[in-house]
Amino acid sequence: MRGRTMAFAKITRLDKKLRSFEYLLYKFIGWFETEKGIADDSHTLFLADFTRLKVLKLLFLVSAVNEGNDLLSIFDKFYAMRHGPVESEIYDAMVNEKFRFIQFKDRTTSFKQPFGSWTFDDLSHQDKILLDSAIDSLCKKNSSIILYSAMTLVDITHKWISWQSAYMMAQMLNKGSQLMDVSLIREDTKYYTK
């Protein structure tokens, strides 16, 4: 019985965040390729287009899209930085190659494992519903946002007052970044277009 209990141990908060992020990327691939009108088993265009910067901006936008049912309880460490909001634990995982299926090395995004082998059994059904709902909501706000360049996404996130106020505070304190208040993100006027 003891071995069984250990096999079904809950994943840690950070593990859930990392797995949720990879699940979002998994869904972004399908959305991106649908919008492009392509079927690409190697996902070459996705890998070329989805840089660290682009993915981090999309993460912010998808995390805040669902009022009252957002992803900010999972992705709760956004820092205002020069190029917009950055989820610090996700960024650290990118730099330190902590993801199971994908890696962001230098300026290259690649798969650690074949795309078809990705599984998310360690995320609950409710977690997946919440993540899917956020993606669906962002897609309804602007289905083309998935095709935007990283710098266009940076420009969109720079419209958010929650980023502007936190970044201004960082500059006043001579810091490169400042933690963004989740409640201010939730209350902010949300922008999803150029």
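Structure notes:
- Screening segment 34-51 for residues that are assigned to a helix (DSSP H, G or I) and open to solvent by 20 Å² or more (accessible area, probe 1.4 Å) and picking the one that is nearest to T193 (Cα to Cα) gives E35.
- Counted residues, segment 157-179 - those being in a loop (DSSP other than H, G, I, E, B) and closer than 19 Å to G68 by Cβ: 1
- Qualifying residue in segment 152-174 (condition: aromatic (F, W, Y) and within 20 Å of K27 (Cα to Cα)): no
- For segment 64-75, the criterion of being under 12 Å from the mean Cα position of the chain (by Cα), hydrophobic (A, V, I, L, M, F, W, C), more than 23 Å from I11 (Cβ to Cβ) and crowded, with 24+ Cβ neighbours inside 10 Å is met by at least one residue.
- So L71, is it touching a Pro at 6+ places or on another chain (Cβ under 8 Å) and within 24 Å of D136 (Cβ to Cβ): no
- Pairs with Cβ under 6 Å, 6+ apart, first in segment 118-143 and farther than 18 Å from F101 by Cβ and open to solvent by less than 30 Å² (accessible area, probe 1.4 Å), second at pLDDT 95 or above and among the hydroxyl-bearing types (S, T, Y): N142/Y192; N142/T193
- Tallying residues that are under 17 Å from K194 (Cα atoms) and either touching an Asp or Glu at 6+ places or on another chain (Cβ under 7 Å) or open to solvent by less than 30 Å² (accessible area, probe 1.4 Å) (or both) within segment 149-171 yields 8.
The values are calculated or read from the model by the stated rules, or taken from the named source; none is laboratory data. Note that the structure is predicted; figures quoted are calculated from it, not measured. Ideal geometry is used to build each Cβ from the backbone, glycine not excepted, and the neighbour counts take in all protein chains shown. These area figures cover heavy atoms from the full protein model, side chains too; ligands, DNA and RNA do not enter into them. Shrake-Rupley method; radii C 1.70, N 1.55, O 1.52, S 1.80 Å.
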